[in-house]
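The values are calculated or read from the model by the stated rules, or taken from the named source; none is laboratory data. Just so it is clear, the model here is predicted, and its values are computed rather than measured. Neighbour counts run over all protein chains shown; Cβ positions are idealised from the backbone, glycine included. Remember, those area values only see protein heavy atoms, side chains included, never the ligands or the DNA or RNA. Shrake-Rupley method; radii C 1.70, N 1.55, O 1.52, S 1.80 Å.
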Amino acid sequence: MRHGQRNLQRQAWLGLAALWMIGFIGAISRFIMASYQVQMADDLHVGRSFVSAAWSTNLLIAALCAPIGGRLADRYGPKKLMLVSSIAGICGAALVYSGHSPAIFFVGYGIVSGLAGMGASSAYLLLFGWFERHRAKAAGLLNSASSIGLAVCTPVFLANGSLTWEHAFLLSALLGLLITIPLIVFMIRPDKGEPAGSAQSDSTELPIDNDARLLPSKFNWPIAIIAFALFTCGINMGTVEMNLVAIHQEAKVASESIALSMGVLGVMEIVGSLAFGMLMDVMNKELVMMTLYGIRILSFMILFFHFAWTPVLFAITFGLTYLGAVPGGMLIANEFTRNKGRLVGNLMLFHQCGGILGALIGGVFYDIFRNYQLLIGIDAALCGLAVAGYSVFRHRHRMRKGALSHAS
């Protein structure tokens, strides 16, 4: 029995290593859109709002595909969905590289790559099925992959003027074809859901879910609060990934300082993902999420009042929280249902919709106001509401537990 458990544990960690490499390669497309917005607009002879629209279309299609993918994952397994979504991402990157026109760019990145959203829930579902303990740590390690990818790609490409966004798309397609696909086929162990022994967490938290369903409108407050927090996180991500470099450029920050800050951001994402992963395993999850969004409020205030050290300070503070909000919300929501794919897919829809809005209004606000101040203010305000939401969640949780203890 112990030998079998050790074998399953070893397989789980090997699977996590494969997912980590897949995430590392997937970070290339994220790096491209975060770092080359101005260059892409100039090369394609379009406005920044066009690039934002392509990014937003990508996120819109990914958002619409996420719930569909979640349901398909419940039926066919997350491994197959991950394979299909990876193929879509490879095709989209190859299409962008093969042509040099706004139409091909929009179709390749905005539409074809957006279909990769079908696999948005796959990694979480695999982790839920592989790990009964240390789920938050595993999620933190997995999320560090994209951070390291960002930290590696940013200095290499920005420091070398001969490397362009087109080269980055080509690299993304080749690595996806030569590494990602084989990893999924040969290294990812299929798992359609959690082992039966992990269902205990559902029974311990279902009273909160039932309490929410007793409301006259049958409105599920816990899931609604998590969905709003993930929507806020999406807007934050859309703001930072799509507009951060442009915000620093508008503040006349030197390209070397921007490259340094983006590298720091990637490193701090690694530190933050591991730190919040460990905290989620040992502390009250809602309290950890309140802390995370509180740090984001401070970060956006630093960005709003832009001064000499803002690029590095923002990279440090926001980087700590960058990758903790989504796995944190998913881990909390995981306690409310056995239909993991459906719930994770629906929550990813809210996150993606926030990313769409954050990326789109950033370009629109700049074209109208010639600055990003209103966008940054909206980010800070929404983070404040997320802190309040998780505070209400925690209060209701404690009240419900107290009532159950008193009744027993």
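Of all residues in segment 144-172, those that are modelled with pLDDT under 80, open to solvent by less than 10 Å² (accessible area, probe 1.4 Å) and closer than 12 Å to I28 by Cβ total 4. Of all residues in segment 90-108, those satisfying the criterion of being open to solvent by less than 60 Å² (accessible area, probe 1.4 Å) and of a type in the set (F, W, Y) are F105, F106. Scanning segment 298-312 for residues that are open to solvent by 30 Å² or more (accessible area, probe 1.4 Å) and either more than 19 Å from G266 (Cα to Cα) or at pLDDT below 95 (or both) yields M301, F304, F305, H306, F307, A308, W309, V312. Within segment 322-341, at least one residue is farther than 14 Å from G384 by Cα, crowded, with 17+ Cβ neighbours inside 10 Å and of a type in the set (K, R). In segment 21-44 there is at least one residue that is among the polar types (S, T, N, Q), within 20 Å of A145 (Cα to Cα) and assigned to a helix (DSSP H, G or I). Out of all the residues in segment 63-89, which are among the aliphatic types (A, V, I, L, M), open to solvent by less than 10 Å² (accessible area, probe 1.4 Å) and in contact with a Ser or Thr (Cβ under 8 Å, 6 or more places away or on another chain)? Selection gives A66, A73.
Within segment 126-133, identify whether any single residue is closer than 13 Å to A12 by Cα, assigned to a loop (DSSP other than H, G, I, E, B), out of contact with any His (no Cβ under 6 Å at 6 or more places or on another chain) and open to solvent by less than 30 Å² (accessible area, probe 1.4 Å), and answer yes or no.
yes
May I ask you to say which residue of G272, G319, G328 is modelled with pLDDT of 85 or more and closer than 20 Å to G129 by Cα?
Exactly one of G272, G319, G328 is modelled with pLDDT of 85 or more and closer than 20 Å to G129 by Cα, namely G328.
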